[in-house]
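Written below as structure tokens is the structure these notes are about.
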Amino acid sequence: VQLQACGGGLVQAGGSLRLSCAASGITAGINYMGWYRQAPGEQRELVAGITFGGSAEYADSVKGRFTISRDSAKNWVYLQMNSLKSEDTAVYYCHAMAGVRGHWGQGTLVTVSS
């Protein structure tokens, strides 16, 4: 499975961004896709994830502001980020689980200026 993420950039606090991630290759076994982020000096953390059936989970810090969605037919996952805060600044990574094997995308930088 190969993951290609895009949509990062520079935005002012309070603004919005939409991240997209496309999965390619052998995608038939993908049962979970999500977004992680890693800020400088911090550990990588789960931001949001969604199962094949559409059940979503969110980090407490983004609940009510971020929405994850998935186009299973096209193997895309999206992260709509609203009301962005400076603490959302990080490299965002797309992640997919195919069975018990995890796959990572290359990361896309989100910078929120205050």
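The values are calculated or read from the model by the stated rules, or taken from the named source; none is laboratory data. Please read these numbers as outputs of a predicted model, since none were measured by experiment. Here Cβ is always computed from backbone atoms with ideal geometry, including for glycine, and neighbour counts include all displayed protein chains. What goes into the accessible areas is simple: the full protein's heavy atoms, side chains included, and nothing from ligands, DNA or RNA. Shrake-Rupley method; radii C 1.70, N 1.55, O 1.52, S 1.80 Å.
Numbers below:
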| quantity | calculated |
| --- | --- |
| Residues (more than 20 Å from ARG70 (Cβ to Cβ) and open to solvent by 40 Å² or more (accessible area, probe 1.4 Å)) located in segment 105-114 | LEU109, THR111, SER113, SER114 |
| Search result, residues across segment 55-114 that are without any contact (Cβ under 8 Å) to a residue 60 or more places away in the chain, in a loop (DSSP other than H, G, I, E, B) and hydroxyl-bearing (Ser, Thr, Tyr) | SER55, SER72, THR89 |
| In segment 14-38, the residues that are aliphatic (A, V, I, L, M), surrounded by 13 or more Cβ atoms within 10 Å (Cβ to Cβ) and over 14 Å from the mean Cα position of the chain (by Cα) | ILE30 |
| Answer residue from segment 61-104, given it is polar (S, T, N, Q) and more than 13 Å from TYR32 (Cα to Cα) and is least open to solvent (accessible area, probe 1.4 Å) among those | THR89 |
| Looking only at segment 28-54, and only at residues there that are of a type in the set (A, V, I, L, M) and part of a strand (DSSP E or B), the one that is modelled with the lowest pLDDT | ILE30 |
| Some residue of segment 8-28 being within 20 Å of GLU87 (Cα to Cα), touching an Asp or Glu at 6+ places or on another chain (Cβ under 7 Å) and not β-branched (Val, Ile, Thr) | no |
